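Quick notes on the structure that follows.
Read the figures in this text as sums done on the coordinates, not as results from a lab. Predicted model, so just to flag it, every value in this text is computed and none were measured. Cβ: placed from backbone, ideal geometry, glycine included. Neighbour counts: every protein chain shown.
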Amino acid sequence: MQHNENSITQFLTHINQNVSPAERVVSAVSGSGLIAYGLKQGGLFGAALSLLGGGLLYRGATGHCHVYDAAGITTADDRPSPSSRVHVKKSVTINKSPAELYQFWRNFENLPQFMTHLESVKTTGEKTSRWVAKAPLGASVEWDAEITSERENERIGWKSIEGSEIPNSGVVEFLPTSNRGTEVRVVLTYEPPAGYFGSLVARLFGEEPNQQVAEDLRRFKRLMESGTIMKTEGQPSGRSAKAKSAKA
Amino acid sequence: MKAVCWMGKHKVEVMDVPDPQIINDRDAIIKITGTAICGSDLHLYNGYIPSMMQGDILGHEFMGEVVETGKGVGNLKKGDRVVVPFTIACGKCFFCEREMYSVCDNSNPNAGGQETLYGFSGSGLFGFSHLMGGFAGGQAEYARVPFADVGPIKVPDSIPDEKVLFLSDIFPTGFMAANNCNIQEGDTVAIWGAGPVGQFAAKSAFMLGAERVVMIDHYQDRLDFAKANNENVETINFDDVDVYDKLKDITGGRGPDSCIDAVGLESHGTSVDALLDYAKAAVYLATDRPHALRQAIFCVRKGGTVSIPGAYGGFMDKFPIGAAFNKGLTFKMGQTHMQAYMPRLLTAIEEGKIDPSFVISHRLKLSEAPVAYDNFNTEKNQWRKVVLTPH
């Protein structure tokens, strides 16, 4: 809950809302127009228009419509406001057997090969591991994780242990197809902490966590299928510092 | 090393740049002995392809000698003479396993960008913009060849460069264009664009059993050249006659069984739609100018095939979907699945069935690339195909 807003905004946000944001904008704009037009017209007709405009403006500003209320209609989205929780679901199909992919992933020490934000993962026990992720400005963040569920060649679930700075969990499933390889389905959840540190973590997982996980899975596929992650960094171009025009 | 760099629209420059290095295990380094300028390089030269960066090394038709291999390349060794296909393919993904090499899943490092534009990404290509992977091209003294165990084809020392160089793109591209027409006995194939790909498509159409081949262009020298190379080729100069009327007339009112658009996104024409395309492309309302393609769709017989080897990159306007739908047409297109065709076409060359060097009009040094680009772009009658030698 925000506390630094002015009282009018607070008043408005506490009214029972049953009008969607887009509708509210339309109502407010057209309401204002009608008031102006009505005042300019004058007379009984003009007054009626202004009143109608006032109603629309109220509807737009408060998000509450008495007509909708009477009819039991709501177009407002009453879900809770999104928290800083990052929830990502992605899948990729890889031309390898579930067993080959499972074995590679189950050794968490392999993950930094395709998850670029990870610096390292060290196995610390049969089900436990220590993860180090790259943070901005050369810093790093660390946490311990444990495997919470696994079915050989099918599924691995893991979770950071209680009290981690960045609570996170993941599940990966390896689903066979008839003849298209294996569908790899990943669900990841991060809860970046509040404050400055939290904003660093948010940056760590990228502006677009969905895109980042999609690229991680693409790299996983490339590594598994072609044995390498194709790159162009380091190839020559006319942009390199040593490049210069060659005179024939 | 010396390399031909794209420096902006209508500007290429030969520059001294660092030598290429092995970057991935499955790379090889090739010392280039022959490289060519492709008509599609002119799309880059004329600024039609987005995501080019100043300093990009051009060129996707090249061959040479292996000088270094990564530890993941088992089938090539130092000294091998190879022709390199312009499509880069891993050989292991769903698409490569089904010989759809030009839509390889794993060879374009900028696949995310193409997904935004096209939904899914095609393979990486040499020297053809960052959307296509940003790979340094082969108009240079050396090149890094990724997935070198899948792409390059070894050629015997007994065949000169000029006979096999075009296995790198235009011969397989013309062949696939004809192959996509599913040619049957008695078929007439009409080809828009009498450039090198069109010439190879014509030869390939006859090789695959076409009864008649008709070539359409307005560069009379190119049409005469096609005729000189094969007297059975019929030609239409669209500056002189109406293409639809002529094609209908010479096929007894049926229309050609299949039509090949070997022109691509910079189609020239003088009709109203062509001029509108030009105006829209100039102000970025559309990127591709599909006059030839529209005409091909209009002219092909009912139930026929339109095969598109000419390159397209963006959006086209006024696509005649009504004609295509109501005539029940089949469309086949795409970057060439190079590796699927190279072995059998090398065999055809070795057996003397075809000598692809017939298309060459100019032989220059790599250092003369800027002049070559300029002339190839403006003097289309004489400048048909340019081969550059770097060493």
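Rg/Rh for region B:2-135 stands at 0.96; both radii use Cα atoms, and Rh follows the Kirkwood definition. Between amide H atoms placed 1.01 Å from N, distances below 5 Å from B:A136 occur with B:G127, all of them 5 or more places distant or on a separate chain. For region B:73-93 and region B:210-267, what is the separation of their Cα centres, given in Å? Cα centroid of region B:73-93 versus Cα centroid of region B:210-267: 37 Å apart. Across region A:124-131, coupling constants 3J(HN,Hα) worked out from phi with the 6.51/-1.76/1.60 Karplus curve, θ = phi - 60°, read 10, x, 4, 10, 10, 8, 10, 10 Hz, and Gly and Pro carry x. Pairs exceeding 32 Å between alpha-carbon atoms, taken from B:K9/B:K327; B:K227/B:K248; A:K90/B:K318; B:K92/B:K163: B:K9/B:K327; A:K90/B:K318. Annotation: Cα Rg of chain B relative to the compact-globule expectation 2.2 N^0.38 Å equals 0.94. Between helix B:220-229 and chain B there is an angle of about 80 degrees, using the helix long axis and the longest principal axis of the Cα atoms. Computed from phi, the 3J(HN,Hα) profile of region B:156-166 under the Karplus parametrisation 6.51, -1.76, 1.60 (θ = phi - 60°) reads x, 4, 6, 9, x, 3, 4, 6, 10, 3, 7 Hz, with x in place of Gly and Pro. Remark: region A:86-226 projects, on average over all directions, an area of 8.2 nm² (convex hull of Cα atoms).
Each listed q (0.09 Å⁻¹) maps to a log10 I(q)/I(0) for region B:121-267 from the Debye sum over equal C-alpha point scatterers, namely -0.36. One way to sum up the overall shape of region B:1-68 is the equivalent ellipsoid from its Cα gyration tensor, whose semi-axes run 23, 13, 12 Å, largest first.
Dimensions of region B:280-384 along the principal axes, based on C-alpha atoms and rounded to the nearest Å, stand at 48, 41, 24, largest first. Between B:F147 and B:R26, B:D27, the built amide H atoms are under 5 Å apart, and every one of these is 5 or more places off in sequence or on another chain. In chain B, excluding the sites themselves, the longest stretch lacking any of the GluC sites (Glu not before Pro) that are in a DSSP loop with at most 10 other Cβ atoms within 10 Å is B:1-184. Semi-axes of the equivalent ellipsoid of region B:171-333 are 23, 17, 15 Å, computed as sqrt(5λ) over the eigenvalues of the C-alpha gyration tensor in descending order.
3J(HN,Hα) couplings calculated from phi for region B:332-348 with the Karplus curve 6.51 cos²θ - 1.76 cosθ + 1.60 (θ = phi - 60°) are, in sequence order, 10, 7, x, 4, 5, 7, 3, 4, 6, 10, 4, x, 6, 6, 4, 4, 4 Hz; Gly and Pro show x.
For region B:1-64, the list of trypsin sites (Lys or Arg not before Pro) that fall in a loop by DSSP and count at most 14 other C-beta atoms within 10 angstrom reads B:K9. Each Lys or Arg adds one and each Asp or Glu takes one away; over the other residues whose Cβ falls under 14 Å from the Cβ of B:Q114, this sums to -2. Between A:G238 and B:D56, B:I57, the built amide H atoms are under 5 Å apart, and every one of these is 5 or more places off in sequence or on another chain. Please state, rounded to one decimal and in Å, the Kirkwood hydrodynamic radius that region B:111-165 gives when every pair of distinct Cα atoms enters the mean of 1/r. About 13.4 Å, per the Kirkwood formula over Cα pairs.
Of the trypsin sites (Lys or Arg not before Pro) in region B:56-109, the ones in a loop by DSSP (not H, G, I, E or B) with at most 16 other beta carbons within 10 Å are B:K71, B:K77, B:K78, B:R98. As a length-normalised measure over Cα pairs under 8 Å and 6 or more apart, the relative contact order of region B:171-333 settles at 22 percent.
What is the angle, in °, between the Cα long axis of helix B:196-207 and the longest principal axis of the Cα atoms in chain B? Nearest 10 is fine, range 0 to 90. So the helix axis and the longest Cα principal axis differ by about 70 degrees. Seen from B:H130, the other residues with C-beta closer than 15 Å to its C-beta sum to a net charge of -1, counting Lys and Arg as +1 and Asp and Glu as -1.
Just need the relative contact order of region B:4-87 here, percent rounded to a whole number, with Cα pairs under 8 Å and 6+ apart. About 35 percent, as a whole number.
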